[in-house]
Amino acid sequence: MTVSNAIRKKVEALRDQIRHHNYRYHVLDDPEIPDAEYDRLMRELQTAERQHPELISPDSPTQRVGDQPVEAFGTVDHALPMLSLDNAFTAEELRDFHRRVADRLELDSGDEALAYAAEPKLDGAAVSLLYVDGRLERGATRGDGNTGEDITHNVRTIDAVPLRLIGKGYPSRFEVRGEVFMPKAGFAAYNAAAIAAGEKTFVNPRNAAAGSLRQLDPKLTAARPLDIYVYAVGLVEGGELPDRHSATLDRLQEWGFKTCPERRVVKGVEGCLAFYEDLGRRRQSLSYEIDGVVYKVDSLAHQRELGFVSRAPRWAIAHKFPAQEELTVVRGVEYQVGRTGAVTPVARLEPVFVGGVTVSNATLHNIDELTRKDVRVGDTVIVRRAGDVIPEVVSVLIQRRPKGAKRIRLPRKCPVCGSKVTREKGEAVARCTGGLFCAAQRAEAIKHFVSRRAMDIEGLGGKLIEQLVAADRLKTVADIYVLTRDELAAMERMGEKSAENLISAIEQSKSTTLARFLFGLGIREVGEATAASLAAYFGNLDSLMASTEAELLAVSDVGPIVASRVRAFFDERHNLDIVGRLRESGVNWTEMEPQMAPEDGPLNGKTFVLTGSLASMTRDQAKQRIQELGGKVTGSVSKKTDYVVYGDKPGSKLTKARELDVVTLDEPHFQKLLKTR
């Protein structure tokens, strides 16, 4: 039966009204009609759509909750990485951040004209929302910053997430980032209902938000009181946004997004600190949990000029509130062995509720720290938990120490394998010498290898790895690729389907990147950023394995210690055997053109330091030119530095170079050096 134009117009008019009232209620917190009238409009639309199902569209207000659960979470590659933020814990650290920003922008560090967009740092779960032609296309978790999980079916259930934008002028395709959270009142009500029903409760609102977003059944998510504040944009195509971060958020609000009402634009570092102090005083009265304040340079042009470092932007920082602390009693001190053999003392505590979670263990870092704090069994201690940081013992209340409490000593033998425990000269960390013979190191090394930011083998969790190691089925990471479905299915809490899925995940992991592979090998001192630098510089694994320490030192972010660790790793026969087995198993990646400087380059062996602003090129361009000619660029001046190149406002590096009689080059002489070479 043909639907008349009158009915089509009526349905669309109802949708527009409901979207308008959703905006008034969720975004502006200023409803125009009572709930009963809103419910009447929604029922009228539902009736019309039931009578004319051909008119139902995915962006209709009636279509927030899907009928069927999804079978699994798909993956989403973020077009622009969802970066984490560096933290400041003190006013002085914030002042240092402000000085770095001002220096890079060539402004007076005391200049109060530098504007920051300031807003609360919500304690929730970060998400990405992709809109195409004004309609919600996809929702995703942050994941590891580069790859997240597709949670579209769940974000659609959040009333504050617009399924279709209002207003005009939005880009044809753009991504909005926000924080999903569970308000305090909703959290309390949900837990009260769960207790009454004899169900499991959530420990804190953050876990509640993250757990709700990872439900396969959207009906479960819809039943939970989630909210969202958007705080940034990512990918933008087919349109333009304002040139200031704060104005961009204003524009997003006009299009139907909910932004934090506490956000402000402040001037200079003193404005940031005033905002921080004010919000700290009102923290407990807010309707949602926060753990600090986020400051972002408001000018987007300045943001682009400042750029990024590793996994964080240079133009933003999180100013954390003081860590939450509680008193408890040490019931014992044990030693854990990490994947690199580090033997770490851990305090077993009388359970105590700190920062939203129950803490029963706390790190003592290393034997020197344990000795300095003089922690003993039976001591009453202050325990601190700050955000996601591992809980730590801050100090001991000596006056409450029981009589006869004895000092804790470093064990002579590994608590796991019985091998000798040693400490290298100048290092605070003690290590087990058992290497691959130590089950603890094997298990932790394998856990690291399969982790999300390394080989990303979903389903091969810590408990299963420990079972396989205990059963002697995993002696090295290479053994992962010879596991069979039958032996996996026979493991505790595994079945045919789980085993089949894991075998599939193992097979998929074979196609990776050199950077992920290097990070997964667990070479000491080689984190994600260094692994990426090594992969980009050498382009292929064989060149890296054959490199000398001198060649390694030419890589950005690689110093003498890292170079020695990398060289030592590939000098071990058993490590080469494991790498060979992995490659024979089919682990592969696309090789890249190496960025190595030519061995016969005219600046080969010469070390440069850059300081100040150059007029004819950026620092990155200058660095690239030096490396193309075989030279190396470092960040600090020493007696081993050959040249210090300085531009406008050079700072202390130039002073130190002159004190050490290092050759200094202004920009014209630097250009001359490049041309004559």
| request: Answer yes or no: is there a residue in region 176-189 that is modelled with pLDDT under 90 and of a type in the set (D, E). | output: no
| So which of Q51, Q46 ends up being within 30 Å of D16 (Cβ to Cβ), surrounded by fewer than 17 Cβ atoms within 10 Å (Cβ to Cβ) and in contact with a Ser or Thr (Cβ under 7 Å, 6 or more places away or on another chain)? | Q46
| query | Is it the case that region 318-325 has a residue that's buried (at least 20 other Cβ atoms within 10 Å of the Cβ), within 25 Å of the chain's Cα centre (by Cα), under 27 Å from V266 (Cα atoms) and at pLDDT 90 or above? | reply | yes
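Among the residues of region 35-52, which ones are at pLDDT 75 or above, under 43 Å from the mean Cα position of the chain (by Cα) and over 11 Å from V11 (Cα atoms)?
Residues satisfying the conditions are Y38, R43.
Residues checked against (1) farther than 23 Å from L85 by Cα; (2) hydroxyl-bearing (S, T, Y):
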site: Q324; (1), (2): no, no
site: V330; (1), (2): yes, no
site: Q336; (1), (2): yes, no
site: T344; (1), (2): yes, yes
site: R372; (1), (2): yes, no
| Looking only at residues in region 246-301 that are over 23 Å from the mean Cα position of the chain (by Cα) and on the phi > 0 side of the Ramachandran plot, which one is surrounded by the most Cβ atoms within 10 Å (Cβ to Cβ)? | G256
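Being under 24 Å from V637 (Cα atoms) and modelled with pLDDT of 90 or more narrows it down to one residue among L582, L521, L488, L534; which is it? Working first, answer last.
Details: L582 fails: under 24 Å from V637 (Cα atoms); L521 fails: under 24 Å from V637 (Cα atoms); L488 fails: under 24 Å from V637 (Cα atoms).
After applying the criteria, what remains is L534.
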| request: Assess whether V333 counts as being within 30 Å of V377 (Cα to Cα) and either free of Cβ contacts under 8 Å to residues at least 60 places away in the same chain or among the basic types (K, R) (or both). | output: no
| query | Does G239 fit the bill of being in contact (Cβ under 8 Å) with a residue 60 or more places away in the chain and closer than 25 Å to G292 by Cα? | reply | no
| note | Restricted to region 402-453 and to residues being surrounded by 14 or more Cβ atoms within 10 Å (Cβ to Cβ) and farther than 30 Å from D479 by Cα, the residue modelled with the lowest pLDDT is R423
| said: Looking for something assigned to a loop (DSSP other than H, G, I, E, B), of a type in the set (K, R), in the same structural domain as S498 (by TED's automatic domain parsing) and surrounded by fewer than 19 Cβ atoms within 10 Å (Cβ to Cβ) - is there at least one such residue anywhere in region 464-477? | reply: yes
| said: Looking at region 370-381 only, could you name the residues that are in contact with a strand residue (DSSP E or B) (Cβ under 8 Å, 6 or more places away or on another chain) and either at pLDDT 90 or above or not aliphatic (A, V, I, L, M) (or both)? | reply: K373, D374, V375, R376, V377, G378, D379, T380, V381
| request: Report, by residue number, each residue of region 236-293 that is among the hydroxyl-bearing types (S, T, Y), farther than 30 Å from G169 by Cα and part of a loop (DSSP other than H, G, I, E, B). | output: S287, Y288
| task | Tell me the strands (runs of 3 or more DSSP E) entirely within region 60-177 that contain at least 2 residues that are outside the structural domain of L216 (by TED's automatic domain parsing). | result | 75-77
| query | Of (1) within 23 Å of P183 (Cβ to Cβ); (2) of a type outside the set (G, A, S); (3) under 20 Å from the mean Cα position of the chain (by Cα), V309 satisfies all except one. Which? | reply | (1)
| remark: Counting only helices (runs of 4 or more DSSP H) entirely within region 478-532, those with at least 2 residues that are touching a helix residue (DSSP H, G or I) at 6+ places or on another chain (Cβ under 7 Å) and charged (D, E, K, R) are 496-509
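To keep it simple, each residue is scored yes or no on (1) among the aliphatic types (A, V, I, L, M); (2) modelled with pLDDT of 80 or more; (3) assigned by TED's automatic domain parsing to the domain that holds R99; (4) touching a Pro at 6+ places or on another chain (Cβ under 6 Å).
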residue	(1), (2), (3), (4)
G630	no, no, no, yes
G635	no, no, no, no
K640	no, yes, no, no
V645	yes, yes, no, no
V663	yes, yes, no, no
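May I ask you to list the residues in region 410-421 that are assigned to a strand (DSSP E or B) and farther than 12 Å from I367 by Cβ? Full working, then the answer.
Quick first cut of region 410-421, residues assigned to a strand (DSSP E or B) only: 413, 420-421.
If the condition is that a residue be assigned to a strand (DSSP E or B) and farther than 12 Å from I367 by Cβ, then K413, K420 are the ones that fit.
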| request: Please work out which residue is surrounded by the most Cβ atoms within 10 Å (Cβ to Cβ), limiting yourself to region 114-160 and to residues that are among the hydroxyl-bearing types (S, T, Y) and more than 21 Å from S60 (Cα to Cα). | output: Y116
| Residues that are more than 27 Å from R423 (Cα to Cα): which strands (runs of 3 or more DSSP E) entirely in region 335-409 hold 2 or more of them? | 342-354, 357-363, 380-385
| message | Against the definition (crowded, with 18+ Cβ neighbours inside 10 Å and either in the same structural domain as Q253 (by TED's automatic domain parsing) or under 25 Å from the mean Cα position of the chain (by Cα) (or both)), how does V203 come out, yes or no? | response | no
| message | Within region 354-387, take every residue that is polar (S, T, N, Q) and under 26 Å from N207 (Cβ atoms) and give me the one that is farthest from the chain's Cα centre (by Cα). | response | S360
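The values are calculated or read from the model by the stated rules, or taken from the named source; none is laboratory data. The shown structure was predicted, so the numbers you read here are calculated from the model rather than taken from an experiment. Neighbour counts run over all protein chains shown; Cβ positions are idealised from the backbone, glycine included.
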